[in-house]
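Read-outs throughout are calculated quantities, based only on the coordinates presented, and are distinct from any laboratory measurement. Just so you know, these numbers come straight off a predicted model, no measurement behind them. Virtual Cβ from ideal backbone geometry, glycine too; neighbours counted across all protein chains shown.
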Amino acid sequence: MYHRATKQPAAATALAAALAVAAGAPAGALTINLSEITNGNTYPIIGGTAEAAPALQGGGTLASVIQAAADYWETVILSPGTLNVYFGWSNLSGSTLATATQYTVARDFNGNPDGGPSGKDGVIEFDNSGRTWFADSTPFDNSEYMAFFEPMVDLGGGEMSLGREYGSPTGFAVGAHDLFTVALHEIGHQLGFSDLGQPIDDQFYDGTGAPGGTVGYVDIGPFEGADLTLSGEPGSASPHLAHSMALMNPSISTGERRYASDVDVAAIHTLSQFGSVDYNAAAIGAGAEGTIPLPASLVLLLSGLGAIGAMRARRAA
């Protein structure tokens, strides 16, 4: 679930260059199948009726934007399997931008035993209650955003990014919620950050097997040993990362775009125990210069205050 943040976007201090579209997913990688539920038709799994699309700005559609988000995740998750996502517009309550519902507890992407006949199934609803949406027709270009930030820190498993965030919007991105970011976030829920608990959740959420913790322990991949800060406990209605710039943080402001950071990918890698994950592919929005490490002792403070901390910056050519 993604919520509208009440804070104002941070002041822009760096410029980011436009980026090339990610390459297609390698053979054998996760396949994400998308099915749009249009106005007046019934959502599978959850029931209820899809509603009409709101006015969008930026030249894209919900179908084109969520396809780009699915393509992105397919380049990151290299383990074979299938995720079937039904999506559409609904009138959601309050500050909720979108919500994801999964088919069953099990994170099984191969159809055995709980993921449906051809993999795991889920539904994503996007809010059509009148908010302003930026539906970017070229979501990998990022040219509407004039700043890029990537805070770095060692959380116990080596230096990793806490977020990959674009800000200082221009054009259609000004005052609008980025539909691409929200689609990436909700698919992230389907890939591991679900709202249903199971034993692996307890292990991840405190590193000991006891429920109720607020530290996510990474036990696989290049950042094994890292302790992530969490928001939402196992079995809660809305588990997320607490790191303020993470894609899987529960809130985002208008005029911001995020990609999956190392903490996002490491959490999903651990929760779903994917055999093969390309962390470099997730860094499509990452800068290439000037890293300033953030002391681990400051992580909780910076997360709580929403501070930017150390960041990597790039200037446009």
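Tell me which residues come under 5 Å, amide H to amide H, from L228 once H is placed; ignore anything under 5 positions away on its chain.
G216, Y217, V218
Using 0.36 nm per residue of separation minus the Cα-Cα distance, give me the extension gain between S95 and I220 in nm, one decimal.
Values: separation 125, 0.36 × 125 = 45.00 nm, distance 3.44 nm.
Between S95 and I220, full extension yields an extra 41.6 nm.
Going highest first, how would you order 95-102, 125-132, 246-253 by mean Cβ packing within 10 Å? Write out the running numbers ahead of the final one.
Details: 95-102: 20.6, 125-132: 18.5, 246-253: 23.4.
Result, highest mean first: 246-253, 95-102, 125-132.
Which residues does the label zone of S137 cover in the range 164-188, counting backbone N under 16 Å from a point 7 Å along Cα→Cβ?
Within reach of a label on S137, which here means backbone N under 16 Å from a point 7 Å along Cα→Cβ, the range 164-188 contributes 171-173.
For N110 and I45, calculate 0.36 nm times their separation in residues minus their Cα-Cα distance, and state this gained length in nm to one decimal.
Taking N110 through I45 to full extension adds about 21.6 nm, to one decimal.
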